[in-house]
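To start, the structure itself, in structure tokens.
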Amino acid sequence: MFSLLSPDMAVYLALAVPVFGFLGIMLADKYPNIREGVTLITGVITLYMALTIFVAVGAGQEPGFEFLEILPGLSLSFKVEPLGAMFGILGSGLWIVNSLFSIGYMRGSQANNQTRFYMCFAIAIMAALGIAYAANLLTFFVFYEILTLSTFPLVTHNQNEAAKKGGSVYLGILLGTSIGLLLPAIILTWITTGTTGFALGGILASSVEANDPVVSVLLILFAFGIGKAALMPIHPWLPNAMVAPTPVSAFLHAVAVVKAGVFGVLKVAIYIFGIDFLSMGSAADFIMWIAAFTILASSMIAMSQDNLKARLAYSTVSQLSYVTLGAMLATSMGAMGGGMQIAMHAVGKMTLFMCAGAIYIKTHKLLISEMAGLGRVMPVTFGAFFIGAMSIIGLPPLAGAWPKFLLMIGSADAGHRLLLFVLALSSILNVIYLLSIPLKAFYFSDNGKDGVGAGPQGRVQWGNLKEAPFFCVMPPVLTAIGCVILFFLAGSLYDYLLPIMEVK
Amino acid sequence: MIHFPGLEHLPALPVIIPLIAAPFTIVMRPGRTPWLWATLVSWVTFACTLLLLEVVWHGGPTEYKMGGWAAPLGITYYIDLANALVMMLVAAMAAVVFPYAYFSVKSEIARAQSPAFYTAMIICLTGLLGVAATGDAFNVFVFLEISSLSTYALVAMGARRDRRALTAAFNYLVMGTIGATFYVIGLGLLYQATGTLNMLDLHERLAGQDNKVVEAGFAFIVTGIGLKLAMVPLHLWLPNAYGFAPSAVTAFLAATATKVQIYLMVRFIYTVFGFEFPFLEVALNAFLILGIVGMFYASFVAVFRDNVKQMLAYSSVAQIGYMLLGISFGTVDGLTASFVHIFNHALIKAALFMGVGCVVLRIGSSQLTAFRGLARRMPWTTWALVLSGLSLIGVPPTVGFISKFKLMEAAFQTTTLIPPLLVVLLIGASSLLAAVYVGRLIYTMVLEQPPENAPAIKEAPHAMRVALWIMVIANIYFFFFTDLTVGVATQAAEALMCSQAGCGGAY
């Protein structure tokens, strides 16, 4: 099935196709149907490329190519390993789902500048794939910056005062941390080791001792420099980015941008430092506790948010730090848990965001306090939300259960019992702030205001549904089903990711 | 290589051609003719400098004796990779800015003045190329004044649009003359100590000399050039001069004038004085401190400027800080980073000022408010400004990234007064200030709405847009292909620093 083109060629095309999609969308400016058609076709072709790569990597290959050597010894080149292949398939697959949702949402809200919206999306997905397939830190950095810049017009899409303010925080923090901290980290790695290439087992081990101060400096620069991982205190860009239209929040701030960040942290931990090397020194502990703090603190903040998107944003900040935590545990189970969390959380959180978008499109409601009884007229939307929330919390039989489980094993392996408590407490907090939403929607009543939820409590009014347009409801249902399916596929994904834990 | 007749005169040609061409310009009929002539001259000169760079790159440094007179008596042009690169850069900027200038000059300068304007531009080009080419320290002074005097006149020509150009030009004249005087005083002291003005001779005879006369000469020369290149406490002339000069002049000067002075500073520090000179360390430490102060102070001022030309002018002062920082490391890597940034910053600032020039032409103002909603009104200009602005911050894939990378790489490998990691973080932090003021500009252009009663305007003329976009594309091209910039700069830095016993470090 996948023998039509070589994996190397597929890497090339996976990056080139979105660029052609970008041009196609630009040319189809005046014809919305053709424009969205181009987006979907581009998405399907890109997904096919990502699948080809995924299969090849699963067979033990390392597809990739060198694009250009821009400075002596520093090149733009690509080499795919299991983690990147997984991220690539996640990004390109969910892009299609999100494009369907965008069609419903953007047409439903009669947004302006829709062509620019889809163009920027195509570039963003190209950048995300570039990050996934990067063979060295330089390539990673270049695509990281392209991702920041291409998503900026999306975040500020509404062009009102709130968008400008949110956009400036977004761009300021992401550009600032990347140029101010990540770039020095990359250069310091380059000077210390003479390479920036990702290699299994790490590249630092051969140059410096594990408890050398330079290792701590590097780790801190990387952990805070990759601002997209939203470790506290550099997380404010994420809640601020919620001024964007919901499809942007759904895809970029649940999948592409934030996952590019934690993917970067995980990749640096595994392929630059090396798990064994990290576990020998004490540098990782500091970042690990900051991640643990972020998990709890942002869960607490999430509880106090009445705006649904803001609550989901803080929930994302919290969930992202699970990945950072997994990387910093410096055990193989921790890394595996982090890798799984990237995929599982993406699917779950995207469901939640798309549901929030569907609610907004139909009712223009943003505040959770106004959603009482809404579940009885939008049962499909809130049903999907319920499944997504359960998955994020980590209840079986939903996908989110596995990473939590693995992270707990990892914490125990690393000998940090306190972390077990942190993870358990966080799950309880998740239950409170996520499950309260569908609970409110299904079981509470707004006493007949607005004419919704007026029926008998706890009874869905099947004859009187007020669901959002088809294209807004179908995508979250798809991802909710995905949450269930991924629970049963977790074993295969575990086996697939196993090579990242084989040191040397 | 093909042998052209007269190729042996190649090192002199880039200076001689514009020098001879300039007087003809003044007698031309006002209007299009002087512009066409100036453009032609700039292209021919550019071709010569390219050829020269090619020759020096493959054949090593060349020497040219003016009128056949040998070194201590006559004037010698001594061209190695460092000059060849700077000369090529200056001529390239002229070759792009001169064609661009026509419409901008037509609207900003009286028609009757146009022959004088282009004459002054060509003379300025001559002077800058002469400073870069010559191997004679006094000849440097002559060309320095040739370029400076024509620059004063060019800045003053901005008076038709804004009378404040006159005071800016006068201020520049006074400061520039003080700088030149300091330079000559310093040179006089060196002449007294050595009896020669040829740079290579000076180096030989200065070896082992460490007395008050030489030290005073060194201090006068460094301060004089520091004034000319707008090193931080001596930068006060620059923002107004750049802010009120005609747009084409600003674009040309910002890309070339200070760059040549930086080159001159490097030439004096490494070729004339050299590492054996014990007083050098004082200057390098001063560069380190002043460079960092400049990076922050000027960027900070730029953030609060409401006139885009002045904002970019302050940004230039800040960027000079990066170049001084590179020099102050006293390593081959540091000097390479400086040369790379000289080249890249010329591309960046030329593009930015040319973009602003397009706006001034169409809207008639360079105030930030004039840029509101520009993305709808002048999309080509806007996106050119956005891309070159990102290059100024140092975002890949633009040349600014290469500059930042090389500079941070060099900073990590030095031992200076300040810990390397701190220097690197300071470089990063000052880039953020650049992000703030560039961000302000981009915000105004892209996210704000045009004024309610704004008249419909056309995009800038094709000639300007093409020139502008050539610069923008160069900003991206030289990210991917760094042979010319990093390759030549590394060799040039090695040649400058490894002349005597191995590659030395100042510390």
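Below are the figures for this structure:
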item	result
Antiparallel DSSP beta bridges within segment A:7-501, percent to nearest 5	100
Neighbour-count ranking [beta-carbon atoms within 10 angstrom, fewest first] of B:H9, A:H235	B:H9, A:H235
R0 of 22 Å, Cβ-Cβ distance A:V208-A:F286: FRET efficiency to nearest 0.05	0.80
Distance in nm between pseudo-label sites at B:V282 and A:K365 (7 Å out along the Cβ direction from Cα)	7.7
Peptide ranges A:21-31, B:398-408, A:137-147 listed from the most packed, as the mean C-beta count within 10 angstrom indicates	B:398-408, A:137-147, A:21-31
Computed over segment A:1-135: relative contact order in percent, which uses C-alpha pairs under 8 Å that are six or more apart	34
Cα-centred dipole magnitude for segment A:7-501, charges only on beta-carbon of K, R (+1) and D, E (-1), debye, nearest 20	1540
Set A:K165/A:K440; A:K79/B:K349; A:K165/A:K228; B:K65/B:K349 screened for pairs whose C-alpha atoms are more than 25 Å apart	A:K165/A:K440; A:K79/B:K349; B:K65/B:K349
Shielding of A:173-186 by partner chains, average beta-carbon count, 10 Å	5
Ranked by how many other beta carbons lie within 10 Å on average, peptides A:323-330, B:13-20, A:429-436 from highest	A:323-330, B:13-20, A:429-436
DSSP-loop chymotrypsin sites (Phe, Trp or Tyr not before Pro) across segment A:284-324, with at most 12 other Cβ within 10 angstrom	none
Equivalent ellipsoid, chain A (semi-axes from 5 times Cα gyration tensor eigenvalues, Å)	35, 26, 20
Cα lying deepest toward the dipole's positive end in chain B, options B:F138, B:A302, B:F46, charges on Cβ	B:A302
Ranking of B:H345, A:H416, A:H157 by count of other Cβ atoms within 10 Å, fewest first	A:H416, A:H157, B:H345
Relative exposure of A:M333, A:M9, judged by other C-beta atoms within 10 Å (fewest first)	A:M9, A:M333
Spin-label pair A:Y443/B:A456, simplified geometry with 7 Å Cα→Cβ offset, distance in nm	6.3
Potential extension, A:L420-A:K165 segment - 0.36 nm per residue separation minus Cα distance	88.0 nm
Against the rule of thumb 2.2 N^0.38 Å, how large the Cα Rg of the protein assembly as shown comes out	1.02
For the protein assembly as shown, calculated [θ]222 nm from helices alone, where every DSSP H run of n ≥ 4 adds -39500 (n - 2.57)	-23500 deg cm²/dmol
Neighbourhood net charge (13 Å Cβ-Cβ; Lys/Arg +1, Asp/Glu -1) for B:S391	+1
Local electrostatic count at B:R111 - Lys and Arg +1, Asp and Glu -1, tallied over other residues with Cβ under 13 Å	+3
Shielding by partners, peptide A:68-78 (average Cβ within 10 angstrom, other chains)	4
Set of aspartates and glutamates near A:K309 by C-alpha distance (under 20 Å), chain-local residues within fewer than 8 positions excluded	A:E161, A:E370, A:E467
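All of the numbers you see were taken from the coordinates with simple rules; none came from a lab. Since the model is a prediction, treat every value here as computed from it, not as a measurement. A quick note on method: Cβ atoms are made from the backbone with ideal geometry, for glycine too, and the neighbour counts reach across all protein chains shown.
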